[in-house]
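Working notes, structure below.
Just so you know, all these numbers are worked out from the coordinates, no wet-lab data involved. What you see is a predicted model, and the numbers here were worked out from it, not measured in a lab. Glycine also receives a Cβ, built like all others from the backbone with ideal geometry; neighbour counts cover every protein chain displayed.
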Amino acid sequence: MRLDKYLKVSRLVKRRTVANEACDAGKVLVNGKTARASYDVKVNDVIEITLGTRSVKVAVTAVNEFAKKEDASSMYRPV
């Protein structure tokens, strides 16, 4: 699954366009490297997002095409 879509489905970012812009601006790191929105997310990847003053670092535990609001947080765990 594309990185921008994963960020939206897992609800780490509210909108896919915002996720896409963050990737283009270099504010999203995957395994310590700047990632493009088209990066293919895999289980055990470590994603670090910096938006404004908020910084989030999570490890991917599942890659699902769709997730209900209650299930979205099970797609990652804090690092």
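Okay, here's what the table says:
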quantity: Order by protection proxy (mean Cβ within 10 Å, highest first), peptides 42-54, 5-17; calculated: 5-17, 42-54
quantity: Per-residue [θ]222 nm for the chain (sum of -39500 (n - 2.57) over DSSP H runs n ≥ 4, rounded to 500); calculated: -5500 deg cm²/dmol
quantity: Spin-label model distance (nm) - Arg11 vs Lys68, 7 Å beyond Cα toward Cβ; calculated: 1.2
quantity: Inter-site label distance for Glu21 and Val79 at 7 Å from Cα along Cβ, in nm; calculated: 2.6
quantity: The chain, relative contact order [Cα under 8 Å, separation at least 6], %; calculated: 29
quantity: Extension gain (nm, one decimal) between Leu29 and Leu51, 0.36 nm per residue minus Cα-Cα; calculated: 6.7 nm
quantity: Inverse mean reciprocal Cα-Cα distance (Kirkwood Rh) of region 3-62, Å; calculated: 11.1
